[in-house]
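The values are calculated or read from the model by the stated rules, or taken from the named source; none is laboratory data. This structure is a prediction, so every number in the text was calculated from the model and none was measured. Glycine also receives a Cβ, built like all others from the backbone with ideal geometry; neighbour counts cover every protein chain displayed. Ligands, DNA and RNA are excluded from the accessible area calculation, which covers all protein heavy atoms including side chains. Shrake-Rupley method; radii C 1.70, N 1.55, O 1.52, S 1.80 Å.
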Amino acid sequence: MKKIAVVEDNPDNLMLVEALLEDDYELQTYESGKEALAGLQTNKPDLILLDISLPEMDGTQILAALRANPEFAQLPIIALTAHAMASDREKYLGMGFDGYVTKPIEDESILFDAIETLLTD
Amino acid sequence: MTKNTAHLLIVDDHEMNRQVLGLRLEKKGYRITEAESGQQALNHIANEPPELVLLDIMMPEIDGYEILARIRQQYSPTEMPVIMVTAKDMSQDVVRALELGANDYVTKPVDFAVTLARIQSQLSLKHSEAALKESEERYRDLFENAHDLIQIVDADGKFLFVNQAWRETLGYIDEDLTDLTIWDIIDPRSKTQCIRAFKRLMGGTPSEQIETTFVNKSGQPVDVDGSVTLRKSNGKAIATRGIFRDITLQKAMMADLEESKKNAEDANQAKSQFLASMSHELRTPLNSVIGFSNVLLKNKNGHLDKKELSQLERIQRNGKHLLSLINDVLDLSKIEAGKMELELHSFDVKEFIDDVVSGSQPLIAKNKNVLEVVITPDLGEIYADETRLKQCLLNLLSNASKFTENGKIVLTVSFMKNNDWIQFEVRDTGIGMDQKTIDGLFQPFTQADTSTARKYGGTGLGLTISHHFCNMMGGDISVASTPGEGSVFTIAIPAQVSIDSSKNPNAS
């Protein structure tokens, strides 16, 4: 089973992602950037689902910290976010995210497709 | 010059003398008046002042000196030149006459050529002095009445001359000027700047453009813009001449304008920020509403009965409807805030239409409609906002299938006007609309009536947004319909949308 790390501070959203993915993936969850950066070192996942609006360190800062580390430079990271204004997709992909999925997740297949595309690459 | 027609007065008690001189001068073109006595001369001068007087000294009753003195009481030597006619070798007479204000003299017996030369010389002096005076008055008038501030300042910084506008703007009166120096009217913060300009003038620049600040008598700053020139003599400064324009109001207006612009930009920025936050905050709770209803609808454990599943399905459907509303309202807010920018690129029309058709299939199938696509092969590429155009077409196809059951929907794509424009026509065989409905169609929230909205769903914003998008691309959307027979919606946009047609290039 592939390992996916989820970084999400909102417990409702976290529970939803778990409900959607727990049957198919091994999940590890983090509620803050600091927690994630510490945990990811010892338990490297195959892919990360990263929220953007997080307290203290936001998703783009976590991305930058991860990309600076050679070990995570190539790791697939998907932005899972409620930032969904017209140009946001281009903005986040431009920053170095490999995928972009908006909240609310209207259809779980959108999330699965985004994950599977990156995992099979 | 009216030299030769000048009016001369000859005063002499000897008729012979008068006539000899008078006749010869008349031949030269002068107009001559003769007076045989002092009294007569004074009368002539009072009645018709001549331009020059030839005055004999020795006369009974009122002599030449007396007449000369009377003339000088009223007229300056340049206003009315007097040439004395004296006896030969009487140098005392000459001295006295000159002291009394005579301009020149001739001695008896009169040499006509000399006399004529002296007359001409005096008249020419008189005319050039008059011209000089007039020119000086003209300049003084120009300076005094100029709207610009004009000042002449000597080497000690004292004011030699200031004009009316200067006095009015800076609030000083003539009496103040005695003790005033240039440093009293220069704002202390501008002092260094002015000294530098002065040094450059001393160094040889012909004039200095300077924008600086003066202070008026009550201590208020006056912003000025002008130029200063320097008069030097033997390398030493004699005076500076400055002409300045009061730009205080102009500067204040510019500052106001800058501030309003900044405020407007800040407000615009705040509005964009608000829309982005709003979008984020509304979407977050919907993630749970839609997401968990999706999870529960799978009924993994088989615990939910049919009725419960149907209720869940309503939560999910309404959650999605709320999401569409949020998306549409945000789209519209962005459009109305001028924050929506087009993303223009070239794309293949055929591929684009295939994409639109596959995207609309579920909608078409829902009411058992069929979709027919009429498209010329080899349409090539167009340059437009693909995403926005797709949103418009999906909206039209969605509307068509929503209001048509068991019918046919035809999408026709064609070029018009020498291939400069592309047209997308969506024709349905649905319920159609009356004129009143058509009239309000592109306004927000105007689905035919509330029962239509309940029956057919939709946010009521789709056509408003599509209309805006088409306009932004320099095109338009139009409609024709007959109740009970169906509707035709047509989108026409330039095949090459230009940046000019997209307003507001700064997106959030």
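Tabulated results
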{"quantity": "Residues of the range B:415-429 classified as open to solvent by 10 Å² or more (accessible area, probe 1.4 Å) and modelled with pLDDT of 90 or more, total", "calculated": "6"}
{"quantity": "Among the candidates A:A82, A:A65, A:A73, A:A36, residue that is within 26 Å of B:R317 (Cβ to Cβ), among the small types (G, A, S), without any contact (Cβ under 8 Å) to a residue 60 or more places away in the chain and open to solvent by less than 70 Å² (accessible area, probe 1.4 Å)", "calculated": "A:A82"}
{"quantity": "Subset tally (residues that are under 15 Å from A:V7 (Cβ atoms) and more than 11 Å from chain B (Cβ to nearest Cβ)) for the range A:76-97", "calculated": "6"}
{"quantity": "Enumeration of residues in the range B:21-47 that are open to solvent by 80 Å² or more (accessible area, probe 1.4 Å) and either touching a His at 6+ places or on another chain (Cβ under 9 Å) or more than 19 Å from B:D63 (Cα to Cα) (or both)", "calculated": "B:L23, B:R24, B:E26, B:K27, B:K28, B:R31, B:E36, B:N47"}
{"quantity": "Residue, farthest from the other protein chains (Cβ to nearest Cβ), within the range B:298-323, restricted to residues that are within 29 Å of A:H83 (Cβ to Cβ) and surrounded by 15 or more Cβ atoms within 10 Å (Cβ to Cβ)", "calculated": "B:L312"}
{"quantity": "Residue in the range B:226-237 that is within 19 Å of B:H147 (Cβ to Cβ) and open to solvent by 50 Å² or more (accessible area, probe 1.4 Å) present", "calculated": "no"}
{"quantity": "Test: B:E15 is modelled with pLDDT under 95, open to solvent by 40 Å² or more (accessible area, probe 1.4 Å) and at positive phi", "calculated": "no"}
{"quantity": "Any hit, the range B:240-251, residues being at pLDDT 90 or above, assigned to a helix (DSSP H, G or I) and among the acidic types (D, E)", "calculated": "no"}
{"quantity": "Hey, B:E386 modelled with pLDDT under 90 and not basic (K, R) or not", "calculated": "no"}
{"quantity": "The range A:1-24 - residue that is open to solvent by 10 Å² or more (accessible area, probe 1.4 Å) and away from every other protein chain (no Cβ under 14 Å) and, of those, nearest to A:L50 (Cα to Cα)", "calculated": "A:K3"}
{"quantity": "Residues located in the range A:101-121, provided they are outside any helix (DSSP H, G or I) and either more than 14 Å from chain B (Cβ to nearest Cβ) or of a type in the set (S, T, N, Q) (or both)", "calculated": "A:T102, A:D121"}
{"quantity": "Failed condition for A:P45, given (1) within 14 Å of chain B (Cβ to nearest Cβ); (2) buried (at least 19 other Cβ atoms within 10 Å of the Cβ)", "calculated": "(1)"}
{"quantity": "Qualifying residue in the range B:50-62 (condition: surrounded by 14 or more Cβ atoms within 10 Å (Cβ to Cβ), more than 17 Å from B:T86 (Cβ to Cβ) and either in contact with a Cys (Cβ under 8 Å, 6 or more places away or on another chain) or of a type outside the set (A, V, I, L, M) (or both))", "calculated": "yes"}
{"quantity": "Answer residue from the range B:340-359, given it is open to solvent by 30 Å² or more (accessible area, probe 1.4 Å) and without any contact (Cβ under 8 Å) to a residue 40 or more places away in the chain and is farthest from the chain's Cα centre (by Cα) among those", "calculated": "B:S358"}
{"quantity": "Which numbered condition B:F274 misses (of (1) open to solvent by less than 40 Å² (accessible area, probe 1.4 Å); (2) aromatic (F, W, Y); (3) without any contact (Cβ under 8 Å) to a residue 12 or more places away in the chain)", "calculated": "(1)"}
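Condition check ((1) touching a Leu at 6+ places or on another chain (Cβ under 9 Å); (2) part of a loop (DSSP other than H, G, I, E, B); (3) among the hydroxyl-bearing types (S, T, Y); (4) within 27 Å of A:D107 (Cα to Cα)) across all residues:
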| residue | (1), (2), (3), (4) |
| --- | --- |
| A:E35 | no, no, no, no |
| A:L40 | yes, no, no, no |
| A:I48 | yes, no, no, yes |
| A:L54 | no, yes, no, yes |
| A:M57 | yes, yes, no, no |
| A:I62 | yes, no, no, yes |
| A:L66 | yes, no, no, no |
| A:A73 | yes, yes, no, no |
| A:H83 | no, yes, no, yes |
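Conditions tested, residue by residue: (1) touching a residue at least 24 places away in the same chain (Cβ under 8 Å); (2) part of a helix (DSSP H, G or I); (3) surrounded by 12 or more Cβ atoms within 10 Å (Cβ to Cβ).
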position	(1), (2), (3)
B:E129	yes, yes, yes
B:Y139	no, yes, no
B:L142	no, yes, no
B:I152	yes, no, yes
B:D156	yes, no, no
B:L160	yes, no, yes
B:R167	no, yes, yes
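Yes or no, residue by residue, for (1) of a type outside the set (V, I, T); (2) away from chain A (no Cβ under 14 Å); (3) in contact with a His (Cβ under 8 Å, 6 or more places away or on another chain):
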| position | (1), (2), (3) |
| --- | --- |
| B:S233 | yes, yes, no |
| B:I247 | no, yes, no |
| B:E265 | yes, yes, no |
| B:S277 | yes, no, no |
| B:V295 | no, no, no |
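Yes/no per residue for (1) touching a helix residue (DSSP H, G or I) at 6+ places or on another chain (Cβ under 6 Å); (2) in a helix (DSSP H, G or I); (3) charged (D, E, K, R):
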residue	(1), (2), (3)
B:K232	no, no, yes
B:A237	no, no, no
B:Q273	no, yes, no
B:S279	yes, yes, no
B:S288	yes, yes, no
B:N299	no, no, no
B:L304	no, no, no
B:K307	no, yes, yes
B:L312	yes, yes, no
